[in-house]
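Take a look at the structure set out below.
Where a number appears in this text, it was derived from the coordinates with a stated rule and is not lab data. What you see is a predicted model; the values in this text were computed from it and never measured. Note that each Cβ is placed from the backbone with ideal geometry, even for glycine, and that neighbours are counted across all protein chains shown.
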Amino acid sequence: MSRSPIYSFIIFILILSCKDSDNHKNSKENELEIKINSINIKTDTLAKFTYGVFTFKSEKDLELITYNNTSHSIEFFNLNSKNLSKRIILKSDGPKAIGNVTGLYYHNQDSIFISSRGSINIINESYSKESNPNLLALIEDYNINFEPLFNQHFRLYYIPEIKSIPIYNLYFDPKSKISAETEQISFFDLNDLKITTLDYFQTEPIESDIEYGFLNYPTISKPFDGKFLVNQIYSPMTYQYNSKTQEFTEVISADKIYHEKNKNPEDWVPHAVESNFYNQLEKLNDNIFTRILWKETEHKPKENGFLKKEYILQIFNKNFDIIDELKLPKNTYFSYTWFVANNKLYIQAGHPNYKYISEEELIIHEIELKEK
């Protein structure tokens, strides 16, 4: 008896389903899980329980180094001894004056980079460096139409291989800021004290009906081997810059971007709540890259939707293929307050609804990836 076309079709679908099931099972063989260790650091009356501007030194004694805008100071928190080991009170007047800090990077004990509006300063741990700390003021013919900027999305980093600092170009003209034809990143060369724009632009929308609203900031990873990774926070599309070739290469494509057109583009709050925020992609070790996805949620006018957004830890292999997605604890973290060091991820537990939050402690969660 000959089989009917419908019967053959059903058999075909069942075969495909079995293959898909097998593939899914194989993809889960190396599934990861997270191990969280809480580091609770007792603070004094000047310290804060969360920081938006910070850096770290990854040595035997790992230290989180923060900027305290209340006391206008740089604070050193030792994550092993769990104490505040040092505080540098910054000057507000005189030759060593530094304005409100927007970026912080620890290179070594003699070179701590500090950015304030329109300037980059370099001090040592004793705050006694004699060279002029205001480097940008030395630039001649400072005739550009953007302001060098650092923020929680685009952190301050120094790349020793090329003695340069990547900077985010904040254009004075709002139309230029969101244009796909204006360079988003520049290099500040500490050798010749010049700014050079790089060929990195706003990533283009995939669909014509996508509206990004204000989600147009670039992110940057900690540099490694003369390279760094960048993306716009509205998109998973990620590029790698290689200082040897001086080129950007797309390493993660965006087949889907999960933002539908907003009916009112100026109403940025619901658009931001209902959109995914893609943090910077960081190199965790030689085989793993990771980033935190601040997941979209439903906007309700009478609620603070930002506090309801969940955190997803995306895991990529060395070829930038996604291999896992792990949920992080709810109501625990505040986005952008994380970094990687010593093959682990460190994030400040500073969510307003975190049940263990305390003004007497700085709480850092040390997250380690383990195979099940």
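Can you tally the net charge around T337? Count Lys and Arg as +1, Asp and Glu as -1, for every other residue whose Cβ sits under 12 Å from the Cβ of T337.
Spelling it out: positives minus negatives among the neighbours equals +2.
Going highest first, how would you order 311-319, 188-196 by mean Cβ packing within 10 Å?
311-319, 188-196
Give me a comma-separated list of calculated 3J(HN,Hα) values for segment 314-327, in order, Karplus coefficients 6.51, -1.76, 1.60 applied at θ = phi - 60°, integers in Hz, x for any Gly or Pro.
After applying 6.51 cos²θ - 1.76 cosθ + 1.60, I find 8, 10, 10, 7, 5, 8, 6, 8, 6, 10, 6, 9, 10, 6 Hz.
What net charge is computed for the residues neighbouring S221, neighbours being all others with C-beta under 14 Å from the C-beta of S221, Lys and Arg scored +1, Asp and Glu -1?
Once positives and negatives cancel, what remains is +3.
Within the set K35/K222; K48/K295; K96/K318; K48/K244, which residue pairs have Cα atoms separated by over 32 Å?
With Cα atoms farther than 32 Å apart: K96/K318; K48/K244.
For segment 32-107, which GluC sites (Glu not before Pro) pass both filters: DSSP loop (anything but H, G, I, E, B) and at most 12 other C-beta atoms within 10 Å? Please report the intermediate quantities before stating the final value.
Numbers: sites: E33, E59, E63, E75; in loops: E59.
Qualifying residues, ordered by number: E59.
When the C-alpha atoms of segment 32-371 are aligned to their principal axes, what extent does each axis show, in angstrom, from largest down?
In descending order, the Cα extents are 54, 50, 42 Å.
Less than 10 Å Cβ to Cβ from T43, Lys/Arg counted +1 and Asp/Glu -1: what total charge do the surrounding residues give?
Details: positive: K42, K48; negative: D44, E75, E359, E360, E361.
In short, -3.
Farthest toward the dipole's positive end in segment 32-371, which of L84, F334, L229, given Cβ charges of +1 (Lys, Arg) and -1 (Asp, Glu) about the Cα centre?
Working it through, the farthest residue towards the positive pole turns out to be L84.
Which whole-Hz ³J(HN,Hα) couplings does segment 154-163 yield from phi under the Karplus relation 6.51 cos²θ - 1.76 cosθ + 1.60, θ = phi - 60°, glycine and proline marked x?
10, 7, 7, 9, 10, 9, x, 4, 10, 6
Taking the Cα centre of each part, how many Å lie between segment 299-347 and segment 71-135?
Between the Cα centre of segment 299-347 and that of segment 71-135, the gap is 29 Å.
Could you list the GluC sites (Glu not before Pro) in segment 332-368 that lie in coil according to DSSP, counting only those with at most 15 other Cβ atoms within 10 Å of their Cβ?
E359, E360
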